[in-house]
Amino acid sequence: MIRYRAEVAVELQSLREQVLEANLELHRRGLALYTWGNASGFDRARGLVAIKPSGVPYDRLTAVDLVVTDLDGAVVEGRLRPSSDLRTHLALYRAWDDIGGVVHTHSTHATAWCQARRPLPCLGTTHADHAAGPIPCAPPLSAAAVAGDYEAATGAQILAAMAGTDHRHTPMVLVGGHAPFTWGADPAQAAHHAVVLEELARLALLTLQIDPRAKPLPPAIADKHWQRKHGPRRTYGQG
Ligand SMILES: [Zn+2]
């Protein structure tokens, strides 16, 4: 029993360190001012989620501050309150059995698209290299949904917006009137996708400023770029 508990602690330490690093990456890349963002990680074998505590600035955040919960949001370890967005993260972990990290930021350009309530069009190969098609934008929640379990309803709203879009190929979404969520196989990949999304949003805005009638990338080029980086016969990198 003692040995088992020690193993759990070591495993959770690894999860905690991955989640801490993902949170710090958001701060380093300028994606999260003050406390405006959160990253979590899911240890699927143990059914445990580690997430940033609510309202703790990044420059004071340590691995022991992270809060560990089960998939229902019950705190298993930690003395601080979890991020208020926890239930949105949990909705995504419950829906998709192949993700191990979720990130939420209010990064400037991605959030501007959310506030405009516009899906992010694929205008060039930079976008096509990272996401297969436009990034969906979930509509703002109804007053009734806001009055209920707001964070869980946000999760449901994301899942509805992603219906018909493969979450493995488009690992990011815009929440209308709010801000983006991204995900990945682990916390590091979810944070990477948040950085990528911010740049795609910035590029798209600049493109449409230069030419408001700019057309989406032709499907043949978009598909070529996505396939060569992520498809079964990918040629990108050294792997
Ligand atoms: Zn938010």
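The values are calculated or read from the model by the stated rules, or taken from the named source; none is laboratory data. These numbers were taken from a predicted model, which means no experiment stands behind them. All Cβ positions, even for glycine, are placed from backbone atoms using ideal geometry, and neighbour counts span all protein chains on display.
At a glance:
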quantity: All positions within region 28-40 that are out of contact with any His (no Cβ under 9 Å at 6 or more places or on another chain) and either in a strand (DSSP E or B) or surrounded by 16 or more Cβ atoms within 10 Å (Cβ to Cβ) (or both); calculated: R29, T35
quantity: Evaluation of A45 against (1) within 15 Å of the ligand (Cβ to nearest atom); (2) part of a loop (DSSP other than H, G, I, E, B) (one fails), failing number; calculated: (1)
quantity: Filter result (surrounded by 10 or more Cβ atoms within 10 Å (Cβ to Cβ) and touching a helix residue (DSSP H, G or I) at 6+ places or on another chain (Cβ under 8 Å)) within region 225-239; calculated: H225, W226, R234, Y236
quantity: Residue list for region 131-161, restricted to those being out of contact with any Pro (no Cβ under 6 Å at 6 or more places or on another chain), touching a residue at least 24 places away in the same chain (Cβ under 8 Å) and under 15 Å from W96 (Cβ atoms); calculated: G155, A156, I158, L159
quantity: Unique match (being closer than 30 Å to R234 by Cα and either away from the ligand (no atom under 16 Å from the Cβ) or part of a loop (DSSP other than H, G, I, E, B) (or both)) among L141, L159, L174; calculated: L159
quantity: Yes/no for A128 being of a type in the set (G, A, S) and within 14 Å of the ligand (Cβ to nearest atom); calculated: no
quantity: Of all residues in region 115-168 being surrounded by fewer than 16 Cβ atoms within 10 Å (Cβ to Cβ) and among the acidic types (D, E), the one that is modelled with the highest pLDDT; calculated: D166
quantity: Restricting region 72-87 to residues that are in a loop (DSSP other than H, G, I, E, B) and surrounded by 14 or more Cβ atoms within 10 Å (Cβ to Cβ), the residue that is nearest to the ligand (Cβ to nearest atom); calculated: D85
quantity: Criterion violated by A204 - all others in (1) within 16 Å of the ligand (Cβ to nearest atom); (2) part of a helix (DSSP H, G or I) satisfied; calculated: (1)
quantity: Candidates D59, D129, D85, D43 - the one that is in contact with a His (Cβ under 6 Å, 6 or more places away or on another chain), acidic (D, E) and under 23 Å from L24 (Cα atoms); calculated: D85
quantity: Contacts under 7 angstrom Cβ, first residue in region 33-59 being within 14 Å of T105 (Cα to Cα), partner outside any helix (DSSP H, G or I) and among the charged types (D, E, K, R), 6 or more apart; calculated: N38/K52; N38/D85; A39/K52; S54/R81
quantity: Qualifying residue in region 95-104 (condition: out of contact with any Lys or Arg (no Cβ under 7 Å at 6 or more places or on another chain), within 16 Å of the ligand (Cβ to nearest atom) and within 30 Å of P212 (Cα to Cα)); calculated: yes
